[in-house]
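Encoded as structure tokens, the structure appears first; notes follow it.
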Amino acid sequence: MSPSDPDGRWVTVCAVERLTPGRGVAALLPDGRQVAIFLTRAGELHAIDNRDPFAGAMVLSRGLVGATADGIPFVASPLLKQRFALTDGRCLDEPDNPGRSVAVLPCRVLPTSGTEPIGRSSAGARVG
């Protein structure tokens, strides 16, 4: 728990400066879940479950990031290439199959406080 997170729900996963637009990173949460964090080229931050529901592998953070013609940001699995909407987790290639969607986690960027040691900064991508 910290002053910027009084309920203890948010977890800092990385400094936002370490994220590359259009690419993903994986993070291990304190409860053991793996999450894939994406910073889109449009500057939007997204967090989804890192597990590909088709292959069962923890690989979505390594997928290709893009957007549909309608502007929906997605990640394409690096294994079987199914596309998952970063906004709601649905599989864009099988929209009528909810069993093939991924969990979406809330995320936010906090400003740098400048008072915390490296590695414990309140700045950066946080999921909750």
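The values are calculated or read from the model by the stated rules, or taken from the named source; none is laboratory data. None of the values given here were measured: they were computed from a predicted structure. For neighbour counting, all protein chains shown are included, and Cβ atoms are generated from backbone atoms with ideal geometry for every residue, glycine included.
Structural remarks
Yes/no matrix, rows are residues, columns are (1) modelled with pLDDT under 95; (2) surrounded by fewer than 16 Cβ atoms within 10 Å (Cβ to Cβ); (3) of a type in the set (Phe, Trp, Tyr); (4) more than 11 Å from the chain's Cα centre (by Cα):
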| site | (1), (2), (3), (4) |
| --- | --- |
| Asn50 | no, no, no, no |
| Gly56 | no, yes, no, yes |
| Gly66 | no, yes, no, yes |
| Ile72 | no, yes, no, yes |
| Cys107 | yes, no, no, no |
| Thr115 | yes, yes, no, yes |
| Ser121 | yes, no, no, yes |
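- Residue count, the stretch 1-41 (criterion: among the hydroxyl-bearing types (Ser, Thr, Tyr) and either modelled with pLDDT of 95 or more or surrounded by 15 or more Cβ atoms within 10 Å (Cβ to Cβ) (or both)): 2
Conditions tested, residue by residue: (1) touching a residue at least 40 places away in the same chain (Cβ under 8 Å); (2) outside any strand (DSSP E or B); (3) among the aliphatic types (A, V, I, L, M).
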| residue | (1), (2), (3) |
| --- | --- |
| Val13 | yes, no, yes |
| Pro30 | no, yes, no |
| Ala42 | no, yes, yes |
| His46 | yes, no, no |
| Gly56 | no, yes, no |
| Ser61 | no, yes, no |
| Leu79 | no, yes, yes |
| Thr87 | yes, yes, no |
| Asp96 | no, yes, no |
